[in-house]
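Here, each number is a calculation from the coordinates, and none is a lab measurement. If you're wondering where the values come from, they're calculated on a predicted model, not measured in any experiment. Please note: Cβ atoms are built from the backbone with ideal geometry, for glycine as well, and neighbour counts cover all protein chains shown.
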Amino acid sequence: MVMGKTAASILFYAVSIVIAVAMILPFFWSLMTSLKPSDEIFSLPIKWFPSHLTFEHYQKAFTTVPFGLYFWNSLVLSVAGVLANLFFGSLAGYAFAKLTFRGSKPMFRLLLAAMMIPGIVTMIPSFYVLRHFPLLGGNDLFGTGGQGLLNSFWGIILPGASGTFAVFFMRQFFLTLPTDMMEVARIEGCGEFRIFWNIYLPLTKPALATLSIFTFQAGWNSFLWPMIVLNDPSKATIQMGLQAFSYNNQTDYGPMMAGALIAILPILILFLLLQKYFVQGIAFSGIKG
């Protein structure tokens with residue numbers, strides 16, 4: 001029996017190590033590529049470690065394109081998306097979890113159904129709505145004559161300001177909180193928004209931290225939608241900037257890997273800051289259905 005448990009443990013750790021190595025290998029290769037001289041990136045036999053470290057690719061990443069500007073644009077869009085989803089997602093999640101109103105269950109089922117629709121399916125309708133938004137971007141009252149919300153940050157922020165996942169995730173967490181506090185607050189004369197803002201929202205820090213990571217990562221890594229909506233180079237995001245290293249059917253892998261690693265840093269820092277809430281938020285949000 002003891003030998004069997006020992007063998008199972010050894011097998012488990014062996015498989016775990018193999019999986020861990022397979023997962024970290026692409027990141028390690030990207031890091032080494034960003035530090036190699038250009039003539040060693042595709043040298044044969046493969047050199048896993050550079051003969052000497054060089055930071056020329058990082059310098060080129062910032063001089064070839066305005067990488068700092070793209071970094072700032074992505075940061076603004078991602079933070080705005082996080083704040084919008086935290087507020088509207090929490091507000092809607094609280095309503096579905098704690099308030100009783102006609103049509104709440106059908107509306108929530110419709111929300112779940114919307115989560116199953118791929119984002120690529122809604123891109124054309126979303127583009128049409130943004131293009132013909134009334135009285136903005138040169139449009140008249142009927143949404144014609146201008147560009148609407150195209151080529152503006154609002155065209156990126158508004159369509160995802162209250163994601164279906166954010167509403168569902170926060171609703172699941174609010175279901176784990178007791179309703180006694182809400183009933184007592186109502187007896188004391190508190191309004192519904194005050195109950196939500198002052199009593200329940202502070203209790204959802206683990207869920208808010210977890211949702212922040214998911215939302216920031218989705219916004220930071222977004223490429224296709226910003227590329228469709230934004231055509232002003234000064235408003236490009238960091239993911240759009242990485243394509244500048246691929247031109248004439250050739251790719252400058254050194255600066256691209258350097259830029260990709262720089263692009264990872266905000267997500268990595270955010271996760272390290274909020275990791276103590278991450279597992280707790282995931283665990284509590286899946287308790288009740």
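Some notes on this structure:
- Evaluated at q = 0.20 Å⁻¹: base-10 log I(q)/I(0), Debye formula over Cα of segment 1-54: -0.72
- Among the GluC sites (Glu not before Pro) found in segment 173-234, those both in a DSSP coil and sparsely packed, with 13 or fewer other Cβ atoms within 10 Å of their Cβ, are 188.
- Model label points for residue 54 and residue 124, set 7 angstrom from Cα along the Cα-to-Cβ axis, are 4.8 nm apart.
- Note on residue 36: lysines with a C-alpha under 24 Å away, same-chain residues under 8 apart excluded, are 47, 60.
- Burial order of peptide ranges 201-213, 40-52, 259-271 (average beta-carbon count within 10 Å, highest first): 201-213, 259-271, 40-52
- Shape analysis of the chain places it in the oblate category; the axes a ≥ b ≥ c from the Cα gyration tensor give an a/c of at least 1.5, with a/b not above b/c.
- Helix-derived mean residue ellipticity, 222 nm - over the chain, DSSP H n ≥ 4, -39500 (n - 2.57), to 500: -20500 deg cm²/dmol
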